[in-house]
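Input: a single structure, listed below in structure tokens.
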Amino acid sequence: MMRLLNGLEANVFYTFAVVAFIAMVLLLEGLYLLWNAYRGPEANRISRRLQALSAGGYAEETPLLRQRMLSHIPKVDQWLLRVPRIHGFDRFLVQSGLGWSVGRFVLMSLLCGMGAALLIALIPTVSLVFALLGGLGAACLPWAYVVRKRLTRLHKFEEQLPDALDLIGRALRAGHAFPSGLKMAGDEMPDPVGTELRMTHDEVNFGVSVQQALLNLGARIPSTDLRYFVVAVLIQRETGGNLTEILGNLSALIRARLKLFGKIRVLSAEGRLSGWILTLLPFFLGAVLYLINPKFMAVLWTDPLGHKLIGGALVLMFLGILWMRKIIRIHV
């Protein structure tokens, strides 16, 4: 009898352990599926595509695609909507590919500026004006980062565009329609050109005309080569012609332009390096002199004449940077 009871207790224990294990596995699987549905790669990809679609900028877009939150806080979003040209700045953020909202950008700028101003103000020999100027400069760091990421993404898009045009041309030769060629190029090409072409194909599926979808593509990506592609396709749809040959010629033209641009960058590399050295050298020397003899440099921010000298030097440096940039910047 005791053996029977012990056997039943053992069976109940093992059964409970197996059921508990299965329940825990199902719970973990459910939590993973829930996280993947809202925060997974596919959800993030769809969110990025919808956010970028909302920045097209044309009045004929689908209203669902035009609504993009400038901030996740409703009050801040209402306040930002009152700022003039805020949607243009929002499109600028979308073009960088960072996925930032306007509210997040403003918050990061404020945190950087206030943090830098507070740290500089803690130095005993530094005046309040210098701390405010340092905070203002630090507040511009997120803007500089966004500009850098945007330029990098646009440059990468222009490098990938010839291959995308060749892929669309091959799809047209195989008998596919132009929207199908866009979808094939969007699926085969990496980001950013693949993402943008998939967005254009999605707009066509949502009911937007091909002409309007291409115009939206040109509004999202401010690239001269892309505008050539949009204009060529629109003219061909109006007047007729061999679109495959047009895309092939355009692809060859873009490759030749990029090759010439690369040669010019090599020839102007010395000028760019000189510009960076001349820009950073005064700040580097000022920091070294401050570490060697703090009292000698403290005159610049403790004496009123020093404030004028710093302001005049910054203005002259800014004009010199603009002048050097104009010399080494060659449009192709």
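The values are calculated or read from the model by the stated rules, or taken from the named source; none is laboratory data. Quantities reported herein were computed from a predicted structural model and do not represent experimental measurements. Please note: Cβ atoms are built from the backbone with ideal geometry, for glycine as well, and neighbour counts cover all protein chains shown.
Miscellaneous remarks
- Options Thr239, Thr224: the member that is more than 27 Å from Lys149 (Cα to Cα), in the same structural domain as Leu154 (by TED's automatic domain parsing), surrounded by fewer than 16 Cβ atoms within 10 Å (Cβ to Cβ) and not small (Gly, Ala, Ser): Thr239
- Test: residue in region 247-254 that is polar (S, T, N, Q), in contact with a Pro (Cβ under 8 Å, 6 or more places away or on another chain), assigned to a helix (DSSP H, G or I) and within 30 Å of Ala164 (Cα to Cα): yes
- Selected residue [free of Cβ contacts under 8 Å to residues at least 24 places away in the same chain and touching a Leu at 6+ places or on another chain (Cβ under 8 Å)] from Phe296, Phe318, Phe283: Phe296
- Residue identified as touching a residue at least 40 places away in the same chain (Cβ under 8 Å) and over 30 Å from Arg227 (Cα atoms) among Phe130, Phe157: Phe130
- Considering the conditions (1) modelled with pLDDT under 75; (2) within 30 Å of Leu214 (Cα to Cα); (3) not in a helix (DSSP H, G or I), Gln51 is excluded by exactly one of them, (3).
- Asn293 meets the conditions (1) assigned by TED's automatic domain parsing to the domain that holds Asp166; (2) at negative phi in every case but one. The failed one is (1).
- Condition check for Gln95: of a type in the set (S, T, N, Q) and over 30 Å from Val193 (Cβ atoms): no
- Beta carbons closer than 8 Å, at least 6 apart along the sequence or on distinct chains, pair a first residue in region 166-188 that is among the polar types (S, T, N, Q) with a second that is crowded, with 16+ Cβ neighbours inside 10 Å for Ser180/Ala171.
- Matching option when the condition is surrounded by fewer than 20 Cβ atoms within 10 Å (Cβ to Cβ), more than 22 Å from Arg91 (Cα to Cα) and modelled with pLDDT of 90 or more, among Asp187, Asp163: Asp163
- Of the residues making up region 157-167, not a single one is out of contact with any strand residue (DSSP E or B) (no Cβ under 6 Å at 6 or more places or on another chain), among the polar types (S, T, N, Q) and not in a helix (DSSP H, G or I).
Okay, residues lined up against (1) touching a Pro at 6+ places or on another chain (Cβ under 8 Å); (2) modelled with pLDDT under 85; (3) under 30 Å from Phe92 (Cα atoms):
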{"residue": "Val233", "(1), (2), (3)": "no, no, yes"}
{"residue": "Leu289", "(1), (2), (3)": "no, no, no"}
{"residue": "Phe296", "(1), (2), (3)": "no, yes, no"}
{"residue": "Gly312", "(1), (2), (3)": "no, no, no"}
{"residue": "Trp323", "(1), (2), (3)": "no, no, yes"}
{"residue": "Ile330", "(1), (2), (3)": "no, yes, yes"}
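Rundown of residues vs (1) touching a Gly at 6+ places or on another chain (Cβ under 8 Å); (2) assigned by TED's automatic domain parsing to the domain that holds Lys308; (3) among the charged types (D, E, K, R), yes/no style:
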residue: Ser127; (1), (2), (3): no, no, no
residue: Leu136; (1), (2), (3): yes, no, no
residue: Phe157; (1), (2), (3): no, no, no
residue: Leu161; (1), (2), (3): no, no, no
residue: Arg173; (1), (2), (3): no, no, yes
residue: Leu182; (1), (2), (3): no, no, no
residue: Ala185; (1), (2), (3): yes, no, no
residue: Thr195; (1), (2), (3): yes, no, no
residue: Ala213; (1), (2), (3): no, no, no
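- The residues on offer are Leu250, Leu215, Leu278, Leu258, and the sole one that is farther than 26 Å from Asp191 by Cα, touching a residue at least 40 places away in the same chain (Cβ under 8 Å) and surrounded by 13 or more Cβ atoms within 10 Å (Cβ to Cβ) is Leu278.
- Leading residue by the ranking (surrounded by the fewest Cβ atoms within 10 Å (Cβ to Cβ)) among those in region 78-123 that are part of a helix (DSSP H, G or I) and of a type in the set (S, T, N, Q): Gln78
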